[in-house]
Amino acid sequence: MAADSPVPLASASDMAGGQFADLVRDYSADTLAQLMIEATRQCEGIAGRRLAPFTAVPESHRATGIDPDELSGSGSMPMDLQGTIGRSYSNALGGGDQVRHVWLNEYAARYPEMWTYSNLQVTLLRSYGGSQTAAAASLIGAENDSGHVWFSLGTFLPVGSMIRLVYDGGYSTVPADLGRACKLLAASLALGEIDPTGTQFGHDRGVLAAQAEAILCNYQHT
């Protein structure tokens with residue numbers, strides 16, 4: 001089984017050199033690195049979204065609807081030879097039933113300038129049968145602050161089709177408050193292992209976890 005190995009929101013050296021150094025002074029390098037990974041995943045669990053950089057996350061969405069205000073946008077597009085069965089390219093493709101938008105599940109809840117997307121791959125499985133890999137030139141986005149991907153006019157994507165996506169993303173620069181939340185949760189985890197009664201090191205697990213949750217609530221879906 002492959003090991004879970006994200007880039008942690010706070011590094012082992014951040015933990016060992018900070019205010020919680022006393023809690024992890026006896027941890028081996030590998031054990032401390034694993035602690036920071038576990039704390040990172042806890043941060044993501046509380047926030048209900050990916051935060052650390054990720055690779056090849058798969059998603060699937062059902063294609064639903066189109067904004068009525070956009071229907072006229074393709075009404076005057078020139079036809080190609082395959083479009084001559086209708087009065088316009090839009091009509092030839094059944095423009096009133098085409099989908100133009102999809103929203104990725106993972107995006108930056110805060111600080112979109114620190115977030116990065118890459119390697120977006122989109123496969124369209126049409127409701128009537130057949131599939132197609134969407135060319136990069138037919139996509140606008142994804143947008144860091146919303147996950148919005150916009151299909152350009154003329155993309156043949158009927159309502160009810162399946163949209164499969166694979167992409168990389170996450171905070172390429174970790175916001176400072178997320179780094180602190182990761183250290184707080186790592187300290188709470190360490191206390192649970194070495195001082196379950198909370199009497200030896202002067203830290204309260206409940207207080208540490210509550211401080212982390214107060215930060216992470218700002219990253220939750222609203």
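Throughout, read-outs are computed from the coordinates displayed, never taken from laboratory work. Only a predicted model underlies this, so the values are computations on that prediction, with no experimental measurement involved. We place every Cβ from the backbone using ideal geometry, glycine too, and count neighbours over all the protein chains shown.
Taking 0.36 nm per intervening residue step and subtracting the Cα-Cα distance, what contour gain separates Trp103 from Gln19 on full extension?
Working it through step by step, the gained length comes to 26.3 nm.
Take Asn119 and Glu193, extend 7 Å from each Cα along the Cα→Cβ direction, and tell me the distance between the two endpoints in nm.
Computed distance between label sites Asn119 and Glu193 equals 3.0 nm.
I want to check the label-to-label distance for Val7 and Val166. Put each point 7 Å from Cα in the C-beta direction and report it in nm to one decimal.
Spacing of the two 7 Å Cα→Cβ label points: 2.1 nm.
Using 1/(1 + (r/R0)^6) with R0 = 30 angstrom and r between the beta carbons of His221 and Thr55, what's the FRET efficiency to the nearest 0.05?
Between His221 and Thr55 the formula returns 0.85.
At 0.36 nm per residue, minus the direct Cα-Cα distance, what do Ala210 and Ser28 gain on full extension? Give it in nm, one decimal, please.
Fully extending the segment from Ala210 to Ser28 adds 62.8 nm.
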